[in-house]
Structure formats: C-alpha cells, structure tokens
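These notes are about the structure you will find just below.
The values are calculated or read from the model by the stated rules, or taken from the named source; none is laboratory data. For clarity, every value in this text was computed on a predicted model and none was experimentally measured. All Cβ positions, even for glycine, are placed from backbone atoms using ideal geometry, and neighbour counts span all protein chains on display.
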Amino acid sequence: MNEAPSRPRAPLSDLFATAVHRFGAVWADLLVASAAFVGVASIPVVAVHETGGTHNATGITAIFAYGIAYFAFTAFVVLRGLPERATRRRVAWAYATAVPVGVLVGVLVVFLQPFALVPLPLFLFAVPAVAAGDAPPISVLAFSVSLAVRNFTRTWGVWLITLVFSTPVVVSMGLAVSAFSGGGTALLLALLLSVPVVWPFSTLFVRALYGDLTGRLVVAPQDRTG
C-alpha cells in the first residue's frame, strides 16, 4: 500500500502514548504470549548448551532463535490488532516471514555487534506489511527498507525512543540477576527477564508507527486507544 503523505501525521509522543496505553490495557495477554514465544525459542538454545556447545555457539544460537521469536511475536501483535481477521494463508505467511527477517537481523548482530542497532530499523516493517496484507513475502524486505528510508526521521526516532525505554529495564534486570550469576549468562537472563516488558511495548510502538506511515488501520475497534 502506498504512503499517504497528505494525511496528518501523529507526533511521536502520541504514538509512544498509544503503545504505553495499549500495553497497560493488555499487558497480561501480551506477557503470556511473549513468554510462550521465548519458551519455544529457548528450546534450541538449551539443546545446544546441554549437548556441549560452547558459550559462543550458545550465544549465536540465542541471537538467531530469539530474533526469529521477536518477529513472530510482532506478527502476533499486528494480526491481533487488525480490524478484520486475516486469512489463514496471510497468517501463515506473516509468521513464516519472521524466519528470514530474524535470520537476517541475527547475521547483522553477529557481525556488527552493537553497531547492528543502526541498520535494524530497516527491517521493522517487513512482518507488519505481510500481516496487514500490504506486501507479498517475496518483496516485503524491499517494501520495509523503502518505507523506513522514506520516513527516516520518524522510523529511527521511534527506534531511539524504544532503546531509551528498554535500556533501563534491561539494566535493572541485569542488576537483579548479577547477585547469583555473571558473565554472558547474566546478560542472557537479564534480556529474557526484560522480554515481558520490552517486546510488547516495542511491537505495539512499531504497530502504531506502521499504521501512521501507511494509513493502514492496524488497530481493531475494540483495541483502539481513542
């Protein structure tokens, strides 16, 4: 779907408030869902660790597994908010799209380390686009990159706000687990404990931004913030 430049854009503060409000209203459902996605993603991570994998191998497995899980959770949030139920085919494609996007993001994280935070917003809209029916899976990466670049300030602005919001949550969890763990294990535990807050908020924020940029109604009437 093409962008609608003539439509007034909501301030980023309004999009932030929308995400926070929706998170407060449906936090229990999203907490359970995010925990379920993390639980499934943890299976290969635990398998690698328990079969004698090195810390490096376990860490790389975690990057890919949890990256895919995050984008699958994004599909869940966007599909949940659509005013009309998506077809089974579109639902399947939305979740399937989470796999290549998660792998691509995982490769960036593995090779660029913290510098991967800079290009990651280019891929935020891939799963929402498929879930909303705005782009076919075969061309959705180009769609996401194009939408993000055309709206550079708003996209990276939302990404920065998300990082600013999420960092204190991760740090506080890190301080909590540091009492009984250390090193890479403590970092992984801190990230996992942060998921019930960070994932729902960030996906709701991305959903609000996607709707704002495309003009697509991605929030069902019963799920609106007003």
For residues in segment 133-151 being among the polar types (S, T, N, Q) and out of contact with any helix residue (DSSP H, G or I) (no Cβ under 6 Å at 6 or more places or on another chain), which is nearest to T214 (Cα to Cα)? S146
Out of curiosity, is T61 surrounded by 13 or more Cβ atoms within 10 Å (Cβ to Cβ), closer than 23 Å to S194 by Cα, of a type in the set (S, T, N, Q) and free of Cβ contacts under 8 Å to residues at least 60 places away in the same chain? yes
crowded, with 17+ Cβ neighbours inside 10 Å, of a type in the set (G, A, S), modelled with pLDDT under 95 and under 19 Å from V206 (Cα atoms) - does that describe any residue in segment 179-193? no
In this structure, is A92 assigned to a helix (DSSP H, G or I), farther than 20 Å from S202 by Cα and not β-branched (V, I, T)? yes
If the Cβ limit is 7 Å and pairs must be 6+ apart or interchain, which residue in segment 117-134 that is charged (D, E, K, R) pairs with which residue that is in a helix (DSSP H, G or I) and surrounded by fewer than 24 Cβ atoms within 10 Å (Cβ to Cβ)? D134/T214
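Is it true that V32 is within 21 Å of V198 (Cβ to Cβ) and in contact with a helix residue (DSSP H, G or I) (Cβ under 7 Å, 6 or more places away or on another chain)?
Details: within 21 Å of V198 (Cβ to Cβ): yes; in contact with a helix residue (DSSP H, G or I) (Cβ under 7 Å, 6 or more places away or on another chain): no.
In short, no.
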